[in-house]
Amino acid sequence: MMTKISRVLSATLAAVTLALTAPSAHAAWTLNMTPGISAMSREIYSLHMLMFWWCVGIAIVVFGFMIYSMVHFRKSKGAVADIHFLHNNRIELIWTLVPVLILISMAVPAARVLIQTEDPIATDLTIRVTGYQWKWGYEYLDSGVTVLSTLSRDSNRARQLGSGIDPNTVPNYLLSVDHPLVVPAGVKVRVLITANDVIHSWWVPALAIKKDAIPGFINEAWFDIDADKTGTYRGQCAELCGRDHGFMPIVLEVKSKQDFDQWLKEQQAAIKQPAAAAPAAPATAPAATTSQATSPGAAQPRAG
């Protein structure tokens, strides 16, 4: 019997060790949320910490009282049940009013922050985010610029079975893309989130945004990144959207407003260049065709 139990424990330990050491797309090992890169994300972080400390305080009081009661009023010490504690109006009033006050202290700031998160008015830039299997599309509305963001080639090669590539040698394995979402800092940006095929979820922890992308439906969110928080930030699809769900990361490249404006102009110029290079059709082609149709004896054009 003991041998069988030892084998089960060994197999379980080996499975846990393999799961923890296997290469995967994961963020840094942290025990808490991060304040983020915008005033709104810090508001959400503060709300989270308020709830957390209330839970810690409640746990200390409740479990402390339970442990104290079990130690000092156990049967082995001759404790007798207190019949006066039951149906005590004063105690019942206290344990009714205190939870109500705690809930009010949570509900008021939570409602205030919730209203702020749903206030995308007065935005300077609107981006439509579309989830595909398994990539993200970003359309900068009113600019004509569209970006398709796909898992980077080095991560895609390393994830293939039998590739022989050690994922630990790939920078930002499964968290890098070929074309990131470029956004300006210090500008209020509105994002319209939808999907083309199945339900996805656009999740960027640094922005404290996690919105479902649903086909035929548009969710909206907004962010205003601090002017000094330029850099690269990463997220992932947080919805089980299919077999390759784990291979559609989100990469946010935050630029200064001047650099973003320059980048947007370059993208617009790149779109116009192919259109300008395309040869224009001859304006007299329709007239020539009509002439040939009405004059059977007209000379035919020579090839070449």
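A short reminder: the numbers here are calculations on the coordinates, not readings from a lab. Owing to the predicted nature of the structure, the values given are computational and were not obtained by experimental measurement. Backbone-built Cβ (ideal geometry, glycine too); neighbour counts: all protein chains shown.
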**Request:** Just report the Cα centroid separation between the range 154-184 and the range 49-119, whole Å.
**Result:** 48
**Fill in**
Any residue on another chain or 5+ positions along whose placed amide H is under 5 Å from the amide H of K135 is listed here as none
**Request:** Could you calculate the contour length gain from R112 to S76, that is, 0.36 nm times the residue separation minus the distance between their Cα atoms, to one decimal place in nm?
**Result:** 7.8 nm
**Asked** So, counting K/R as plus one and D/E as minus one, what does the shell of residues with Cβ under 13 Å around N219 add up to?
**Response** 0
**Message:** Can you tell me how the range 187-264 classifies by the Cα gyration tensor, rounded, prolate or oblate, using a/c under 1.5 as the rounded cut?
**Reply:** prolate
**Message:** With θ taken as phi - 60° and the coefficients 6.51, -1.76 and 1.60, list the Karplus ³J(HN,Hα) couplings across the range 118-133 in order, rounded to whole Hz; mark glycine and proline as x.
**Reply:** 9, 10, x, 6, 6, 8, 9, 8, 10, 10, 8, 9, 10, x, 10, 8
**Asked** Could you give me the ³J(HN,Hα) list for the range 38-53, computed from phi with Karplus coefficients 6.51, -1.76, 1.60 and θ = phi - 60°, whole Hz, x at Gly and Pro?
**Response** 9, 5, 5, 5, 6, 4, 5, 5, 5, 5, 4, 5, 4, 5, 4, 6
